[in-house]
Amino acid sequence: QVQLVESGGGLVQPGGSLRLSCIASGTIFSINTMGWYRQRPGKQREFLATITSDGSTKYADSAKGQFTISRDNAKNTEYLEMKSLKPEDTAVYYCKAEAILRPGGPQYQYWGQGTQVTVSS
């Protein structure tokens, strides 16, 4: 089984920055794509960014220029750097990983439990 644990959320003032982390643990052979999503109050979960094992990234239009995704493959960890935060960025932020548990095995999708980010003065 694979577990994803996010950290780094909290209360930040408008214009501030935060760095979220997500660590994957368990019996993992490899992790392909990792990603970040968020769910704002009263809204559906939305895609923010993904990063492949070779570092290729994709961003939602809403995240471009404000959020930066990165990962450390050796640590099975991904990050989300967030800057110029606004109250509308208030949300629960979730990480996702597509992992293979054994050589030649299927790929499974896992989600973290989420970390709250609140942008308020």
Residue pairs within 6 Å by beta carbon, gap of at least six or interchain, first lying in region 78-97 and within 12 Å of GLN116 (Cβ to Cβ) and in contact (Cβ under 8 Å) with a residue 12 or more places away in the chain, second part of a strand (DSSP E or B) and among the hydroxyl-bearing types (Ser, Thr, Tyr), listed first then second, are THR90/THR118; TYR93/THR115; TYR94/TYR37
Identify the single condition in (1) modelled with pLDDT of 95 or more; (2) within 27 Å of GLN1 (Cβ to Cβ); (3) polar (S, T, N, Q) that THR27 does not satisfy, given that it satisfies every other one. (1)
If you go through region 1-57, how many residues are over 16 Å from GLN109 (Cα atoms) and among the polar types (S, T, N, Q)? 8
Among the candidates GLY55, GLY9, GLY35, GLY26, residue that is crowded, with 17+ Cβ neighbours inside 10 Å, of a type in the set (Gly, Ala, Ser) and farther than 15 Å from VAL117 by Cα: GLY35
Residue, nearest to LYS86 (Cα to Cα), within region 13-33, restricted to residues that are part of a strand (DSSP E or B) and of a type in the set (S, T, N, Q): SER21
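The values are calculated or read from the model by the stated rules, or taken from the named source; none is laboratory data. Here the structure is a predicted model, which means the values were calculated and not measured. Virtual Cβ from ideal backbone geometry, glycine too; neighbours counted across all protein chains shown.
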